[in-house]
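Here the structure comes first, spelled out in structure tokens, and everything after it is commentary.
Any read-out appearing in this document is the output of simple, stated calculations on the displayed coordinates, not a laboratory observation. Note that this is a predicted model, so its numbers are computed, not measured. Because the Cβ atoms are built from the backbone with ideal geometry, glycine has one as well, and the counts that use them run over all protein chains shown.
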Amino acid sequence: MLGRLYIKNIALIDELCMDFENGLNVLTGETGAGKSIIIDSINAVLGVRFSKDFIRTGCEKSLIEASFTINNKAVNDVLDEMGIEPEEDGTIILSRENWVNGRNSCRINGRMSTVTGLKEIGERLIDIHGQHDNQSLLRTESHIDLLDSFGGKKLLNIKERYSTLLKEHKEIRDKLQSLTMSEYEREKRIDFLKFQVEEINNARLIEGEDEELEARRLVLSNAENIIKALSDSYDVLFSGEVTGKSIFDGLNTAISYMRKIQNFGEAYEKIYKELEDLTYQLADITEDLRKERDLINYDSQELAEVLERLDVINRLKRKYGETIKDILEYCQAKENELGTLLSNQTHIEDLKKKLAQNDAELYKAAVELNSERVKAANILEEKITGELFDLEMKKAKFKVNIIFDNDTDMNGLHKFTANGLDKVEFMISPNLGEPLKPLSKIASGGELSRIMLAIKTILADVDNIPVLIFDEVDSGISGRVAQKVGEKLAMLSKGHQVICITHLPQIACMADNHFLIEKVSSEDKTTTVVKKLEDEEIPGGIARLLGGAHISEITLKHASEMLQYSQQFKEALQKTGA
């Protein structure tokens with residue numbers, strides 16, 4: 001619901017704050033007091049075009065803030081798309097500042113927004129009837145969803161089944177589109193894939209061989225240095241041909257010296273044994289040196305072959321992957337694609353058959369949807385026409401126009417939408433002899449408000465816009481019709497927050513909250529002020545609507561009687577749950 005409305009520096013309004021509540025909120029006051037300025041301000045904070053002339057004379061800027069408490073999926077979805085989170089208690093605060101230089105600043109929950117952002121949220125928060133702004137029923141695209149919700153569970157179940165089929169329909173079409181290409185493009189792609197697969201397969205790659213080849217290249221490229229190092233090491237340790245005496249010979253000499261004294265003490269014996277162990281270790285090392293030296297066989301032809309193989313592998317890495325494993329996986333993927341392309345003609349034909357079957361099932365579901373909508377439309381037309389009769393529009397005719405689009409595309413497929421093949425629009429003929437025309441073509445604000453009231457009364461349970469505002473609903477009516485309008489507004493306020501501007505006591509007496517709008521003049525300025533009437537002040541407010549400035553005992557008594565009747569009506573409503 002709309003909780004608090006704050007307005008500053010708008011037309012006659014210097015500064016005011018209004019706290020609305022659930023139920024029926026009525027605004028009354030003399031013509032020109034500023035009631036419509038309040039509605040225009042609400043419109044502005046909902047993203048409707050704002051004229052700088054609307055800013056109070058002598059002020060640099062204006063400010064409008066509206067605070068809502070909402071638990072509404074449609075609103076939360078829009079907030080989510082905008083990346084804005086509602087407060088934990090569901091509060092949404094819209095604000096709009098406008099400057100005389102034309103600049104404006106819009107915010108949603110403190111975050112900067114655009115006028116378009118305010119409008120997207122506003123369309124789901126409030127319907128304003130009496131002017132052609134923020135009226136969901138004037139947006140033709142909303143009519144089909146309202147009709148479907150009114151149609152009930154059976155229609156919605158068919159629509160859910162249709163949506164599942166439509167999702168499958170899209171998936172098949174997407175697959176077909178990805179597979180279908182010109183013969184030239186197909187052959188070109190096949191040749192390219194064959195080249196890549198053959199190039200990789202001809203290389204006969206083995207995982208890990210690049211590491212082995214790199215190790216072999218390192219040895220072959222440094223064979224001369226390796227052989228010299230091994231030979232010199234062997235000579236130093238064992239043969240001593242270059243140095244004249246080997247380490248092995250020196251070690252044996254040391255052992256012979258220690259052998260003579262090993263029995264003279266444990267320390268000497270220990271050194272002797274350690275020297276003996278060293279000879280064994282040295283013998284093993286020199287044997288390893290000899291074997292490694294003898295194994296080295298520098299072969300320039302082998303080195304050339306290793307380098308050529310590494311070049312092949314590195315070239316494939318640059319084209320298809322960083323490792324041999326990556327290259328082989330890439331090859332497998334391209335082999336799969338190649339296989340699909342080579343056989344996709346059969347696959348395409350299968351998909352086309354599947355799509356045709358799906359099209360037939362979808363069409364059947366769309367026909368069922370159309371049939372249920374026609375049934376629901378007939379009931380809706382009858383109910384709304386009855387409501388219009390109650391509202392003294394006895395010759396008005398309401399029609400739900402349903403057009404079933406049976407056309408197909410060049411492939412013989414139907415042009416399905418999210419709602420089937422139907423286009424739905426609410427039409428109205430307000431007076432006898434006038435042709436049916438769209439709701440948006442209704443010229444009279446008061447007439448349009450009553451039409452909207454009639455429609456909203458019937459669709460109240462399925463319409464999820466939480467706040468309804470009626471500006472000119474009492475235009476051109478009085479007496480029993482005014483009483484009916486008041487009753488319908490009271491009924492409507494049980495499921496929606498309703499705000500209504502009225503001059504009629506029959507409507508005002510149905511209010512759950514009554515605001516009196518007055519114009520106060522001082523020496524240098526005129527200002528609009530708002531007063532919420534307390535319980536004891538309400539009879540006077542109704543009497544003022546009945547008798548004008550002069551309130552007599554008779555008008556007060558009449559006002560009390562009207563309030564008593566209204567209270568009884570609302571209590572009966574509460575009991576019946578209407």
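Shape descriptor for the range 254-370: Rg over Rh equals 1.65 (Cα atoms; Rh from the Kirkwood inverse mean 1/r). Placing unit charges on each Cβ (+1 for Lys and Arg, -1 for Asp and Glu) gives the chain a dipole about its Cα centre, and among SER300, ILE255, ALA11 the Cα reaching farthest toward its positive end belongs to ALA11.
Each distinct pair of alpha carbons in the range 22-103 adds a 1/r term; the inverse of their mean, the Kirkwood radius, is 15.0 Å. Three principal axis extents of the range 149-307 based on alpha-carbon atoms, in descending order, are 117, 49, 16 Å. Any idea what % of Cα-Cα pairs in the range 67-158 are farther than 19 Å? Percentage above 19 Å: 52.
Suppose R0 equals 56 Å. What FRET efficiency, 1/(1 + (r/R0)^6) with r the Cβ-Cβ distance, do ASP350 and LYS441 give to the nearest 0.05?
The value I calculate is 0.65.
Across the range 326-338, computed HN-Hα scalar couplings (Karplus, 6.51 cos²θ - 1.76 cosθ + 1.60, θ = phi - 60°) run 4, 5, 5, 5, 4, 4, 5, 5, 6, 5, 5, 4, 4 Hz from first to last residue, x flagging Gly and Pro.
Placing one equal scatterer on every Cα of the range 55-102 and applying the Debye formula, the log10 ratio I(q)/I(0) at q = 0.21, 0.29 Å⁻¹ is -0.74, -1.05.
Given a Förster distance of 35 Å, report the FRET efficiency between ILE206 and LEU342 from their Cβ-Cβ distance, rounded to the nearest 0.05. Write down the numbers at each step before the final one.
Values: r = 28 Å, r/R0 = 0.79.
After rounding to 0.05, the efficiency reads 0.80.
How much space per residue, in cubic angstrom, does the convex hull of the C-alpha atoms of the range 1-140 take up? Kindly include the intermediate steps, with their values, before the conclusion.
Working: hull volume 16.8 nm³, N = 140.
Spread over its residues, the Cα hull of the range 1-140 gives 120 Å³ apiece.
What's the percent breakdown of Cα-Cα distances in the range 108-227 across 5 Å bins, shortest bin first? Here the calculated profile for the range 108-227 is 2, 7, 7, 7, 7, 7, 8, 8, 6, 5, 6, 6, 6, 5, 4, 3, 2, 2, 1, 0, 0. Scaled to the globular estimate 2.2 N^0.38 Å, the Cα spread of the range 307-460, given as radius of gyration, is 2.04.
Could you state the per residue volume, in Å³, of the convex hull enclosing the Cα atoms of the range 385-536?
Details: hull volume 27.7 nm³, N = 152.
Convex hull of Cα atoms, per residue: 182 Å³.
In the chain, the longest principal axis of the Cα atoms and the axis of helix 538-547 are about 50 degrees apart.
Per the Debye formula on identical point scatterers at the alpha carbon atoms of the range 368-418, with no solvent, log10 I(q)/I(0) at q = 0.19, 0.20, 0.21 Å⁻¹ is -0.71, -0.75, -0.78.
Packing order of peptides 486-496, 96-106, highest average first: 486-496, 96-106 (average count of other Cβ atoms within 10 Å over each peptide's residues). Between helix 73-82 and the chain there is an angle of about 50 degrees, using the helix long axis and the longest principal axis of the Cα atoms. Using only Cα atoms, locate the centre of the range 1-18 and the centre of the range 362-380, then give the distance between them in Å, rounded to an integer. Each part reduced to its Cα centre gives a spacing of 46 Å.
Based on the alpha-carbon set only, what is the convex hull volume of the range 81-125 divided per residue, in Å³? Show your work: numbers first, answer last.
Values: hull volume 3.5 nm³, N = 45.
Spread over its residues, the Cα hull of the range 81-125 gives 77 Å³ apiece.
A quarter of the convex hull surface defined by the alpha-carbon atoms of the range 199-292 gives 9.4 nm² as the mean projection. Dividing the radius of gyration of the alpha carbons in the range 463-574 by their Kirkwood radius gives 0.99 for Rg/Rh.
In straight-distance terms, cross-link reach from LYS494 covers every one of the lysines whose alpha-carbon lies under 22 Å from its own, apart from those fewer than eight places away in the same chain; here that gives LYS73, LYS383, LYS456, LYS484, LYS532, LYS570, LYS575. Just so you know, the averaged projected area of the alpha carbon convex hull for the range 157-222 sits at 8.9 nm². Backbone phi angles across the range 20-33, fed through the Karplus curve with coefficients 6.51, -1.76 and 1.60 (θ = phi - 60°), yield HN-Hα couplings of 8, 10, 5, x, 9, 9, 10, 10, 10, x, 5, 4, x, 6 Hz in residue order; Gly and Pro are listed as x.
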